[in-house]
Amino acid sequence: MTPFLAAAGPEAGSAISTIATPLMWGLTIAAVIALLALDFVLTRKPHEVSMKEAAGWSAFYIALPLAFGGWIWSQFGQQTGVEYLTGYLVEKSLSVDNLFVFMLLLSAFAVPAALQQRVLLWGIIGALVLRGIFIALGAAFLANFAFAFLVFGAILLATGVKILRDQVKGTGHDVDVANMRSVRLIRRFMPVTEDYRGPRMSVVENGRRMLTPFAVVVVAVFATDIVFAVDSVPAVYGITGDPYLVFATNAFALLGLRALYFVLQGALSKLVHLGYGLAAILGFIGVKLVLHWAHGIWPGVPTVPTVWSLVVIVVILGVVTATSLYATRGKAGDATESAHVAEPGAHHHR
């Protein structure tokens, strides 16, 4: 493994290493940009997404990261391969929560069906940029502070408890567009047109520049992306300390969201117990991080092997999926029962 960041002084955390060379980083980032550019080309003409189109692209975006994982396994060994696959599974399960929030926002803003995939694409780009920033900051934090794992663990445990409490109370997280700070801020400084103008974000009317509702919903999606980045990056750092694997798992989990949304649009409302699963997964990884921190101080403290993390996460997702489908048999379901939406500073917090 190639050194990534060296420990800095006696107070620093463990040295961070990565499997990636600069060339590998460059090729990966170029591939992500190319796939995003392809998505922009595909959505340049607004249209409603057919199930056949969505299923085809979903299959592609599932096969691609799995094939990449196979290559990682063959080139860098079982341990690295398991870390990648476990991290990808964690990020994919958390990305489903993203889909709930996107569904609520698209509904709250009454986004026309033909424009929904372009809104989702902008949301994915925002999430990728934010997570890239958080990944770099997380790597520096882990390399320079011994208590970083404790902080990350505390974040995940607090988030897990919050999600569990909301799930037990049965409090749905409806999107109150009028009270979203990002929306209020935009409308304070810029006028907004009454209707959508295709995928255009602004137009000139009566000699003045005006934003469209499309621009407002994109900003709202960006605001919720911040919250998801805060949760997702510490979660995957609980699986692997390699910043490259953290980036790759995040990128692959997010790239397929646009197509996956339209495939699962009807089924999402059936996953009424997903909140329990996410709370359990985040809590488990939080405990794992705290144990890792404690092990560095007291060697007798046990740690959780990555392969067992994979087993636990698979079991949790399998159980909540099965119980959700059983609980909603014969029912239409309610997406708000499973969604966990928040905006920084809003009255709801994830």
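The values are calculated or read from the model by the stated rules, or taken from the named source; none is laboratory data. Everything numeric here is computed off the predicted structure, so don't read it as measured data. Cβ atoms come from the backbone with ideal geometry, glycine included; neighbour counts cover every protein chain shown. SASA here: full protein model, heavy atoms, side chains in, ligands and nucleic acids out. Shrake-Rupley method; radii C 1.70, N 1.55, O 1.52, S 1.80 Å.
For residues that are among the small types (G, A, S) and in contact with an Asp or Glu (Cβ under 8 Å, 6 or more places away or on another chain), tally how many sit in region 210-253. Let's see the steps before the verdict.
Of region 210-253, the ones among the small types (G, A, S) are 215, 220, 223, 229, 232, 235, 238, 241, 248, 251, 253.
Checking the rest, the ones that are also in contact with an Asp or Glu (Cβ under 8 Å, 6 or more places away or on another chain) come to 220, 223, 232, 235, 253.
Number satisfying all stated conditions: 5.
Of all residues in region 140-150, those being in a helix (DSSP H, G or I) and closer than 15 Å to L289 by Cβ number 5.
Quick one: which residue in T249, T224 is β-branched (V, I, T), modelled with pLDDT under 85, in a helix (DSSP H, G or I) and closer than 27 Å to P65 by Cβ? It would help to see each step written out before you state the result.
Details: T249 fails: modelled with pLDDT under 85.
Checking each option against the conditions leaves just T224.
Considering region 59-81, the residues that are open to solvent by less than 10 Å² (accessible area, probe 1.4 Å) and touching a residue at least 24 places away in the same chain (Cβ under 8 Å) include one that is nearest to S17 (Cα to Cα), namely I72.
Number of residues in region 47-58 that are assigned to a helix (DSSP H, G or I) and open to solvent by 80 Å² or more (accessible area, probe 1.4 Å): the value is 2. Looking across region 202-229, the residues that are open to solvent by 40 Å² or more (accessible area, probe 1.4 Å) and within 28 Å of L245 (Cα to Cα) come down to F222, I226. Checking each residue in region 19-46 for being loosely packed, with under 13 Cβ neighbours inside 10 Å and not in a helix (DSSP H, G or I) picks out T21, R44, K45.
Within region 33-53, residues that are over 14 Å from A259 (Cα atoms) have Cβ atoms under 8 Å from residues that are surrounded by 11 or more Cβ atoms within 10 Å (Cβ to Cβ) in these pairs: P46/P112; P46/A114; P46/L115; P46/R118; P46/G198; P46/P199, counting only partners at least 6 apart in sequence or on another chain.
Checked against (1) within 17 Å of V90 (Cβ to Cβ); (2) modelled with pLDDT of 85 or more; (3) open to solvent by less than 10 Å² (accessible area, probe 1.4 Å), V314 passes all but condition (3). If you go through region 227-274 and keep only what is under 26 Å from L157 (Cβ atoms) and among the hydroxyl-bearing types (S, T, Y), you end up with S232, Y237, T240, T249. Does L264 satisfy the criteria of being closer than 24 Å to A322 by Cβ, of a type outside the set (D, E, K, R), modelled with pLDDT under 90 and surrounded by 22 or more Cβ atoms within 10 Å (Cβ to Cβ)? Taking the combined requirement at face value, the residue does not satisfy it.
Within region 214-244, track down each residue that is out of contact with any strand residue (DSSP E or B) (no Cβ under 8 Å at 6 or more places or on another chain) and of a type outside the set (V, I, T). If you could, list the steps in order and put the result at the bottom.
Narrowing region 214-244 to residues out of contact with any strand residue (DSSP E or B) (no Cβ under 8 Å at 6 or more places or on another chain): 217-240.
Scanning region 214-244 gives A220, F222, A223, D225, F228, A229, D231, S232, P234, A235, Y237, G238.
Against the definition (part of a helix (DSSP H, G or I), out of contact with any Leu (no Cβ under 7 Å at 6 or more places or on another chain), surrounded by 22 or more Cβ atoms within 10 Å (Cβ to Cβ) and modelled with pLDDT of 80 or more), how does S232 come out, yes or no? Answer is no for this residue. Applying a threshold of 8 Å to beta carbon distances and a minimum spacing of six or more residues, or different chains, the list of pairs starting in region 198-225 at a residue that is on the phi > 0 side of the Ramachandran plot and ending at one that is not in a helix (DSSP H, G or I) and not hydroxyl-bearing (S, T, Y) reads G198/P46.
Say we look at region 102-115 and pick out the residues that are part of a helix (DSSP H, G or I) and in contact with a Phe, Trp or Tyr (Cβ under 8 Å, 6 or more places away or on another chain); which of these is surrounded by the most Cβ atoms within 10 Å (Cβ to Cβ)?
Residues of region 102-115 part of a helix (DSSP H, G or I): 102-108, 113-115.
Keeping just the survivors that are in contact with a Phe, Trp or Tyr (Cβ under 8 Å, 6 or more places away or on another chain) gives 102-103, 115.
On the way: F102: 25, M103: 22, L115: 22.
Filtering first and then ranking leaves F102.
Do we have T86 as in a helix (DSSP H, G or I), among the β-branched types (V, I, T), open to solvent by 20 Å² or more (accessible area, probe 1.4 Å) and touching a helix residue (DSSP H, G or I) at 6+ places or on another chain (Cβ under 8 Å) here? No, not satisfied.
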